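These notes are about the structure you will find just below.
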Amino acid sequence: MLQKSRITSEVDFEQDGKHQGSLRLPHSVHRSAYGWIAIPIVVIKNGRGPNVLLTAGNHGDEYEGQLALMKLCQQLKPADVRGRIIMLTAANFPAAIAGLRTSPIDDLNLNRSFPGDPDGRPTAAIAHYIESELLPISDFLVDLHSGGSSLMYLPSALTRQVNDNRLAAKQLEMLKAFAAPISYCAAASHEDRTLLAAAERAEVAAIGTELGGSGTTSVHSLAVAEFGVRRVLKYLGSVPESDVGEDPTPTRVMEVSSSAYYVYAPDYGVWEPLADLGDDVKAGQPAAAVYCPQTPWREPVEAHFEHDGKIICRRVPGPVERGDCLFHLATDWSE
């Protein structure tokens, strides 16, 4: 069993009604000896029903989810809800306020910090609280992401491959309910530090999203986020009368099954994309050329696609370092 968190909550998770306040993360620093970081949390409970955890701001420069959950927590009333909805609109609050992927306090990535450490730096302590306190009282999780400042995605929802067939089936139904234009199942590989991995450990059915990116949002990506969350809540019976808009086009279910689906910068410099978001590409096809500003007479270094597939994500900034992700593919799912 995980050690008890040092984070305390101002809100009551068990009492019916709408409760809003802060999680208090102890943070003793030079300017504030007995201070704490206030992480916003909203809990809406009404009788018996599913327990749903909704998170955004896991990475602070991903805005679609933060906006969608801020709107939702303002709009939902206890009478709308069956069971309990817990909303963390800015899970890594210091990163969200700074507009950064990682926390400006400890430079840590929350989505690579699970299961966390109650006595660790702030990001590790947040991860530990979510895994030790929130996931055990949850049945379902929706963790809202986008590409942030460095990537741009076709609006997508995703889940992690799990060994539990019951959990896998429920997650697939949640993806279909969210109804993003593209949904994909990602290979778990060796990565066990994410929130979706933490959900699997807790036997919580979980999906995530990649809703856009480029350090901004759009009318389309925000609509996918807002209606997608409401459709999942309606499917789960959590908000049975929710307005979910017009019937969406069924999601295209895809998979990302190995590292060959990614293309990385082979050198330092400025990259030229040789394909674009949404393109269908073939293994061996040129993907990008990296030019060196210090030696402009030198021929560029090319990167190639290692797998057939559709480009669902591409890098945004022009400057690259060796190892930066340039493209991310997906292929149609084969059961």
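No value in this document is a laboratory result; all are computed from the given coordinates. Because the structure is a prediction, the values reported are computed rather than measured. All Cβ positions, even for glycine, are placed from backbone atoms using ideal geometry, and neighbour counts span all protein chains on display.
Local charge for Y153 was computed over the other residues whose Cβ lies under 15 Å away, with Lys and Arg +1 and Asp and Glu -1, and equals -2. Of the trypsin sites (Lys or Arg not before Pro) found in the range 218-327, the ones in coil according to DSSP and having at most 11 other Cβ atoms within 10 Å of their Cβ are K282, R298. With K and R counted +1 and D and E -1, the other residues having a Cβ less than 11 Å from that of K45 yield a net charge of +1.
Considering only V42, G120, S103, and ranking their Cα positions along the charge dipole of the chain that arises from unit charges at the beta-carbon of Lys, Arg, Asp and Glu, the one farthest toward the positive end is V42.
In this structure, W333 and A98 have a Cβ-Cβ separation that, at R0 = 35 Å, corresponds to a calculated FRET efficiency of about 0.40. Its relative contact order, with pairs defined as Cα atoms under 8 Å and 6+ residues apart, puts the range 179-323 at 24 percent. Once you order the gyration tensor axes a ≥ b ≥ c over the Cα atoms, which shape class does the range 116-230 get: rounded for a/c under 1.5, otherwise prolate or oblate by comparing a/b with b/c? In terms of gyration-tensor shape, oblate.
Computing FRET efficiency as 1/(1 + (r/R0)^6) for R48 and I105, where r is the C-beta to C-beta distance and R0 is 51 Å, gives about 0.80. Computed from Cα atoms, the angle from the helix 64-75 axis to the main principal axis of the chain rounds to 20 degrees. In plain terms, the residue of V42, V52 with the fewest other Cβ atoms within 10 Å comes first and the most crowded comes last, giving V42, V52.
What ranking of W271, W297 emerges when the number of other C-beta atoms within 10 Å of each C-beta is taken as an exposure proxy, fewest first?
W297, W271
Excluding residues on the same chain fewer than 8 positions from K176, give the lysines whose Cα lies under 18 Å from its Cα. Candidates past the 8-residue exclusion: K234. Using a Gaussian network model of the chain in which every pair of alpha carbons under 10 angstrom is joined by a spring, one finds that among E173, E131, E62 the greatest mean-square fluctuation is at E173.
Backbone amide hydrogens, once placed in the peptide plane, bring I41 within less than 5 Å of G21, S22, L23, excluding anything fewer than 5 places away on its chain. Helix 219-236 axis versus longest C-alpha principal axis of the chain: approximately 50°, rounded to the nearest ten. Applied to the range 135-145, the Karplus parametrisation 6.51 cos²θ - 1.76 cosθ + 1.60 on θ = phi - 60° returns per-residue 3J(HN,Hα) values of 4, x, 9, 10, 9, 9, 9, 10, 10, 8, 10 Hz, with x for Gly and Pro. Summing charges over all other residues whose Cβ lies under 14 Å from the Cβ of H59, with Lys and Arg as +1 and Asp and Glu as -1, gives -3.
Taking other C-beta atoms within 10 Å as the exposure proxy, I7, I97 rank I97, I7 from fewest upward. Separation of the range 96-113 and the range 299-334, taken as the distance between their Cα centroids, equals 24 angstrom. Name the most mobile residue of E299, E203, E133, meaning the one with the largest mean-square fluctuation, in a Gaussian network model of the chain with Cα contacts below 10 Å. Of the options given, E299 has the highest mean-square fluctuation.
Derived scalar couplings between HN and Hα for the range 314-325 equal 9, 5, 9, x, x, x, 9, 10, 4, x, 5, 6 Hz in order, rounded to whole Hz, by the Karplus curve 6.51 cos²θ - 1.76 cosθ + 1.60 (θ = phi - 60°), x for Gly and Pro. Measuring between their Cα centroids, the range 1-75 and the range 147-213 lie 22 Å from each other. Relative to the dominant Cα principal axis of the chain, helix 165-178 is inclined by about 80°. Normalised by the number of residues in the chain, the average gap of Cα pairs under 8 Å and 6 or more apart makes the relative contact order 15 percent.
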